[in-house]
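As structure tokens, the structure follows; a few thoughts come after it.
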Amino acid sequence: MSSVPARVRLEPWTDDDFPLLVRLNAPEMTDHLGGPETPEQLAMRHKRYVGAAQSGIFRDSDREYAAYIFKAILEPENVEVGGVNFWDREWNGETVYEMGWGVLPEFQGRGIASAAVGEAVELARATNRRSAIHAFPSVDNGPSNSICRKAGFELRGEVLFEYPKDHWMQCNEWVLRFAS
Ligand SMILES: CC(C)(COP(=O)(O)OP(=O)(O)OC[C@H]1O[C@@H](n2cnc3c(N)ncnc32)[C@H](O)[C@@H]1OP(=O)(O)O)[C@@H](O)C(=O)NCCC(=O)NCCS
């Protein structure tokens, strides 16, 4: 990785961002996430992302929850390189944020995800709505586990985690608790 930290800007997801979502759905991008979604699933996800970026509410098939959906733009090149999202989730009787991220293959290994997650953590903190962020990378997802550690998340241990629906993975549970 370059010794110069990557600079990344986060912007709310828009209707123009479908091509980015298609690239983020590549087989090598979804290895740890249950594999690529179908074109129909992807179109629906895009619609929900745009809706959430506009209204703050992600409208799933069976429930609605607050969600913050961003594309990541590399600076100074001004190129879209990935995405990072956080959303409300119930976990052990508490409503917390869960965070997820992705960086396109040709931009990986340059510290971009680490920078994007750092920015997103600050945005999540600034909402003042939740006291913690959780992340659940697969135990095999070396880069994502490293990102959590560097961003200040604390490792709680392994959990069997369902993502997407009906796909169970052995994951690490990472928690970043905001100082109160
Ligand atoms: C996980 C992902 C976002 C990492 O993006 P990235 O921009 O390459 O990450 P960074 O460059 O910030 O690197 C993060 C760490 O992973 C390490 N890393 C990067 N690519 C790696 C690879 N292919 N194998 C092992 N480690 C790797 C880096 O060295 C860095 O660790 P370090 O800081 O301790 O050196 C990217 O691989 C991705 O989008 N994967 C598919 C989607 C996904 O798995 N999302 C996570 C769901 S929780």
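The values are calculated or read from the model by the stated rules, or taken from the named source; none is laboratory data. Bear in mind that the values here come from a model prediction, so they are computed numbers and not experimental data. Because the Cβ atoms are built from the backbone with ideal geometry, glycine has one as well, and the counts that use them run over all protein chains shown. Side chains included, ligands, DNA and RNA excluded: accessible areas come from the protein's heavy atoms. Shrake-Rupley method; radii C 1.70, N 1.55, O 1.52, S 1.80 Å.
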Residue match in the range 1-10 (condition: farther than 21 Å from Arg89 by Cβ, modelled with pLDDT of 95 or more and either open to solvent by 50 Å² or more (accessible area, probe 1.4 Å) or more than 16 Å from the ligand (Cβ to nearest atom) (or both)): yes
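Only one residue in Pro27, Pro39 is surrounded by fewer than 13 Cβ atoms within 10 Å (Cβ to Cβ), more than 16 Å from the ligand (Cβ to nearest atom) and not small (Gly, Ala, Ser). Which one?
Just one listed residue meets the conditions, Pro39.
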Which listed residue, of Asn141, Asn92, Asn145, is polar (S, T, N, Q) and more than 9 Å from the ligand (Cβ to nearest atom): Asn92
Enumeration of residues in the range 148-160 that are more than 10 Å from the ligand (Cβ to nearest atom) and either open to solvent by less than 30 Å² (accessible area, probe 1.4 Å) or part of a strand (DSSP E or B) (or both): Phe153, Glu154, Leu155, Arg156, Gly157, Glu158, Val159, Leu160
Residue ID - nearest to His32 (Cα to Cα), chosen from residues in the range 89-111 that are in a loop (DSSP other than H, G, I, E, B) and open to solvent by 30 Å² or more (accessible area, probe 1.4 Å): Gln108
Residues that are open to solvent by less than 30 Å² (accessible area, probe 1.4 Å) and in a helix (DSSP H, G or I), drawn from the range 119-147: Ala120, Val121, Ala124, Ser144, Asn145, Ile147
Odd one out for Ser114, checked against (1) in contact with a helix residue (DSSP H, G or I) (Cβ under 7 Å, 6 or more places away or on another chain); (2) farther than 19 Å from Gly152 by Cβ; (3) open to solvent by 20 Å² or more (accessible area, probe 1.4 Å); (4) among the small types (Gly, Ala, Ser): (2)
Residue tally, condition polar (S, T, N, Q) and either over 16 Å from the mean Cα position of the chain (by Cα) or part of a helix (DSSP H, G or I) (or both), over the range 15-42: 2
Residue pairs meeting the criteria (Cβ under 8 Å; at least 6 apart or on separate chains; first under 19 Å from Arg177 (Cα atoms) and more than 6 Å from the ligand (Cβ to nearest atom), in the range 106-119; second assigned to a helix (DSSP H, G or I) and open to solvent by 20 Å² or more (accessible area, probe 1.4 Å)): Val117/Ala151; Gly118/Ala151
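Being assigned to a strand (DSSP E or B), over 17 Å from Ser131 (Cα atoms) and touching a residue at least 60 places away in the same chain (Cβ under 8 Å) is the filter here, so list the residues in the range 59-81 that pass it.
We begin by selecting, within the range 59-81, every residue assigned to a strand (DSSP E or B); these are 59, 64-75, 79-81.
With over 17 Å from Ser131 (Cα atoms) added as a condition, the list becomes 59, 64, 69-75, 79-81.
Within the range 59-81, Phe70, Lys71, Ala72, Ile73, Leu74, Glu75, Glu80, Val81 meet the criteria.
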Given (1) open to solvent by 80 Å² or more (accessible area, probe 1.4 Å); (2) within 17 Å of the chain's Cα centre (by Cα); (3) closer than 29 Å to Pro27 by Cβ, index of the condition Glu80 fails: (1)
